[in-house]
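Worksheet for the structure shown next.
The values are calculated or read from the model by the stated rules, or taken from the named source; none is laboratory data. Predicted model only: the values in this text are computed from it and were never measured. Positions of Cβ are backbone-derived with ideal geometry, glycine not excepted, and every protein chain shown enters the neighbour counts.
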Amino acid sequence: MKKLFLIFLIIFPFVFASGTSDEDAQKYECDVCGYTYNPAKGDSKADIPPGTSFKNLPDNWKCPRCGESKSGFKKK
């Protein structure tokens, strides 16, 4: 029983800890053309890998559809 409890204490933090927050997975929509930036997909045209949150996009990133800047996007 002690062994099982120790294993639980070691594994518990890893099972319930999440590598991403809700904010990191948040989708954003372009106010101009309606394009949705999805962090799970990234932006292959701009070499942005999947898993990149909107807040971690470069400041000069633009909408791949219409060219709108990041400031023209809102949470979806």
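Sub-9 Å Cβ pairs linking a first residue in region 26-47 that is over 13 Å from residue 70 (Cβ atoms) to a second residue that is surrounded by fewer than 14 Cβ atoms within 10 Å (Cβ to Cβ) and aliphatic (A, V, I, L, M), at least 6 apart or interchain, are 27/40, ordered by first then second residue. Restricting attention to region 31-67 and to residues that are out of contact with any Lys or Arg (no Cβ under 7 Å at 6 or more places or on another chain) and assigned to a strand (DSSP E or B), the residue that is surrounded by the fewest Cβ atoms within 10 Å (Cβ to Cβ) turns out to be 62.
Does at least one position in region 13-22 carry a residue that is surrounded by 11 or more Cβ atoms within 10 Å (Cβ to Cβ) and either part of a loop (DSSP other than H, G, I, E, B) or modelled with pLDDT of 95 or more (or both)?
For region 13-22, residues surrounded by 11 or more Cβ atoms within 10 Å (Cβ to Cβ) and either part of a loop (DSSP other than H, G, I, E, B) or modelled with pLDDT of 95 or more (or both): present.
If the Cβ limit is 8 Å and pairs must be 6+ apart or interchain, which residue in region 57-76 that is within 17 Å of residue 25 (Cβ to Cβ) pairs with which residue that is in a loop (DSSP other than H, G, I, E, B) and hydrophobic (A, V, I, L, M, F, W, C)? Qualifying pairs under 8 Å: 73/63. The conditions of being more than 17 Å from residue 22 (Cβ to Cβ), at pLDDT 95 or above and either loosely packed, with under 12 Cβ neighbours inside 10 Å or of a type outside the set (Val, Ile, Thr) (or both) are met by residue 70.
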